Amino acid sequence: MRPVITNLMPRLALAGVAILALAGAGPADDFDVRTQIGPHPVLPEPQQYLFPPMRLAPIVGWKTGETPKVESGLRVQALATGLEHPRSVYTLPNGDILVVESRGPAIEPVRRPKNIVMGLVESFVTGAGQATGSNRITLLRDTHGSGTPDVRTVFIDHLFSPFGVALVGNDLYVADTDAILRFPYTTGETSITAPATVLTPLPGGPIDHHWTKSLVASEDGTKLYVGVGSNSNITENGMAAEIDRAAIWEVDRATGAHRIFASGLRNPNGLTWEPQSHALWTVVNERDELGPNLVPDYMTSVKDGGFYGWPYSYFGQHIDPRVVPQRPDLVAKAIVPDYALSSHVAPLGLVFDTLNGLPARYSGGAFVGEHGSWDRQILNGYKVVFIPFSGGMPNGMAEDVVTGFLDSDGHAHGRPVALALDKTGALLIADDVGNTVWRVSSATGAQAANTQ
Amino acid sequence: MNSDNPRPPARIAGHPITHILVSFPIAFFSGALATDIAYAQTADMIWADFSAWLLAAAMFTGGLAALAGIVDVIANRRVRARRSVWPLAIGSLLVLILGLFDNLVHSRDAWTSIVPVGLALSAAIVIIVLITAWLGFSTVTVDRPDAAEAYSEGVRQ
C-alpha cells in the first residue's frame, strides 16, 4: 500500500466549507409567511437538504424595565421575574396563579452523530441552562388586587419536567412528563407537601423527545385530556418509540384508565375548550427539515377518533417522503387541520378570551403563544398572536398582539410559551427564556385599577 | 530491507502510520454500504444509525490518514516522485468529498437519509475505494515486486 491521501487535503477542506456554506445559505427567502396563515395554507414542494436551513436567536434576556411590546389598548407588565424556565401558567379559582417552572428531562440518548450537533444547537436557544430551582410550581398571589403579586411561594417542588395543570374540585392534577399526578388542594393553600398519587403513567423515557404534557379537564370534570408529543421529528427513532404518542389521550378521572382520543398530532399543546362550540382545541408543532416553509404549524379542533396525519402525511394527504413503510389507509382518512399558523413558529400556548377582561375586539377569540423558529433562515414566531373566532371557528387573519421578544438584531429577550387568563381576564404569558411571567391587561382597565 | 524503497516519514517507532490508518476508512465505508443495504431492505432505523456512525468514523479516520499521507508526500521527495501516488491521491480525494456528502445526507431523518441518495453515494465510494486500491496495488507490483512484502514486514515490526 501507498500513502493514499495527499496534500490535496487543504483543497478538500476548503471545498467542504464551501459546500456547507452553500447548502446552509440557500436562496434569499422571499416567501410571504402570511400565505400560510389560515385554513388553506400555500404548501410548497418538500425540499431535502445536506444541511437544513437554520437560524438561532442568541439569548440576551430582559434588562430591568424592558418589556415586550403590546398593541394599542393593551398594557404589559412583568408579573414575576427571576423564575427558572417558566413554561406554563394556571389560574386557580381564588385568583392565585401557578407558574410551572420546568426543564426538559434531558434523557434523550445520543443515537446518531446528528444528536451531538443538535444537542449543542438546542442548548444554545432554550436557555434552560443549569436551572437548579426548576421542576417546581411557584404560586403567585396578588392580595390587594394591585396587579403585582405580594405573595410568592414554592407551591409544589421536586416534579419531573411538569407542564400541564388542571384543578377539578379539590383534586389538583399536574402532568409530569411521565405521569399525571394528583395532589389534594384546599382553597387558599400556598404550598402542597402531601405526596402525589399517580393517576395515569404517561409515555416518558426512553428518549422523551417531545416532553411537554399539556393537560385540560373536561367541562363536566369527569375526564382529563393530555397531549403526548411524538418521540422524534419524523420516526427517526423507530416506530416502536411512537407507541401511544403523537396523540391526545382521554383519561378517566375516577379510574385513571385511558384511551387515544385523537392521533397523528405530532406535538399537541395548549389543550383548551372553544367557548362557543365547546370543542377541544389544540396547537400543534409540525415536522421539521422539509424546508423553511414546510410544514406549517397549526391549531385545530380535535375530533374524537380523528387522525391528523403524522407521521405519514401533513395537511391532509400530503405524503412525507421520509416515512417508510407508508400507510395509505391512514393517509386517506387524515383530517386537514382547521387553521395554519405558518411554518416553524412553534405554538405552545393557546387560550380563548372568555372573561372579557381585555378590549371587546378580542372577545371569544384565540391567543396563541409562538415560541419561535430555528429551522428556517428568517426567524418566525417569537410572539403572541390573536385569531378572531366566530361560530366556534377561526374567522379572519391572525394579528400580532405581543411582540418585541426579538430585538432588531435577531437576539431573543424572551420566548413565549404557554398562556392563561388570570381571574380578571388579563392574559398571562410564560416566558421561558426571559424567565418572566408577563401580564397583558386592558390599558383602560389598568388605569381604572390604578385610580382606585 | 531494500534500501531503494522510500520509507514514509510519517511513522511511529518505525511503523508507517499512513498505511495503518488508511485501512480504517476503507473498512468503515464498506461497512456503511452493508448497513445502508440492510436499512433499504428492512426500514429498521438501527441500520441507519449504524451507517451514520460508520460514515462519521470513516471521515474521522480518513482525515487522519490524509494528514499522515500529506506528511509523507511533503517530507519525502521520493514518495512524491512516484507516479503511483497520484491515482491514489485522486481516488482518495474523491472518496473524502463523496464521504462528506454521504455524511450530510445520512444526517437527514429516516428513509431519505439513505434511500436513494445515501445508498448510491455509499456504493460509489466503495467502488472508488476498490478501483483506487486496485490501481495502487498493481502499480506497486509493477514498480517494485518487493513493495507489498516490505509493507507487511513494516506492519509486523
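Tabulated data for the structure shown
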read-out	value
Net charge, A:Val417 excluded, C-beta distance under 13 Å - Lys, Arg +1, Asp, Glu -1	0
Rg/Rg_globular for segment B:16-149, with Rg_globular taken as 2.2 N^0.38 Å and Rg from C-alpha atoms	1.14
For segment A:435-441, 3J(HN,Hα) per residue [Karplus equation, 6.51 cos²θ - 1.76 cosθ + 1.60, θ = phi - 60°, Hz, x = Gly/Pro]	6, 9, 10, 9, 10, 10, 10
Filter on A:Lys383/A:Lys423; A:Lys63/A:Lys423; A:Lys114/A:Lys303; A:Lys223/A:Lys333 - keep pairs with C-alpha separation over 31 Å	A:Lys114/A:Lys303
Nearby aspartates and glutamates by direct alpha-carbon distance to A:Lys213 (threshold 14 angstrom, same-chain neighbours under 8 apart not counted)	A:Glu101, A:Asp176, A:Asp178, A:Asp244, A:Glu250
Neighbourhood net charge (12 Å Cβ-Cβ; Lys/Arg +1, Asp/Glu -1) for A:Arg182	-1
Relative contact order (percent, whole number), segment A:52-451, Cα cutoff 8 Å, 6+ residue spacing	19
Around B:Ile127: net Lys/Arg minus Asp/Glu count, Cβ-Cβ under 15 Å	-2
Amide H contacts under 5 Å for A:Leu79, placed H, 5+ residues apart	A:Val437, A:Trp438, A:Arg439
Efficiency of FRET between A:Met397 and B:Phe60 - r from beta-carbon atoms, R0 30 angstrom, step 0.05	0.05
For a label point 7 Å along the Cα-to-beta-carbon line of B:Ala123, residues of segment B:25-57 with backbone N under 16 Å	B:30-42
Extended-chain gain in nm, criterion 0.36 nm per residue less alpha-carbon gap, A:Thr197 and A:Gln317	39.0 nm
Degrees separating the helix A:113-126 axis from the principal Cα axis of chain A, which is the longest one	40
Ranked list, fewest to most other Cβ atoms within 10 Å of each Cβ, for A:Ile378, A:Ile180, B:Ile127	B:Ile127, A:Ile378, A:Ile180
Among B:Ala43, B:Ala133, A:Thr138 the positive-end extreme of the charge dipole of the protein assembly as shown (Cβ point charges)	B:Ala133
Residue exposure sequence - A:Glu370, A:Glu289 - by fewest surrounding Cβ within 10 Å	A:Glu289, A:Glu370
Crossing angle, helix A:9-25 versus chain A [Cα axis fit, 0-90 degrees, rounded to tens]	40
Rounded FRET efficiency, nearest 0.05, which uses the C-beta distance separating B:Ala38 from A:Asp407 and R0 of 60 Å	0.75
Projected label distance in nm at A:Asp338 and B:Ile97, using a 7 Å step from Cα toward the beta-carbon	5.4
Theoretical gain in end-to-end length, A:Arg361 to A:Asn170 [0.36 nm per residue, Cα-Cα removed]	65.3 nm
Residue-span extension gain [A:Arg259 to A:Ala279] - 0.36 nm each, minus C-alpha spacing	5.4 nm
Charge dipole (debye, nearest 20) of segment A:52-451; +1 at Cβ of Lys and Arg, -1 at Cβ of Asp and Glu	240
Pairwise FRET efficiency - B:Phe24 versus B:Ile46, Cβ, R0 = 22 Å, nearest 0.05	0.50
Long-range amide H partners of A:Gly291 with built H, under 5 Å	A:Gln47
Listed residues A:Gly414, A:Asn231, A:Pro325: farthest to the positive end of the dipole of segment A:52-451 (Cβ charges)	A:Pro325
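Every read-out reported here was derived from the displayed coordinates using simple, explicitly stated rules and does not represent laboratory data. Bear in mind that the values here come from a model prediction, so they are computed numbers and not experimental data. Using ideal geometry, Cβ is built from the backbone for each residue, glycine included, and neighbour counts are taken over all protein chains shown.
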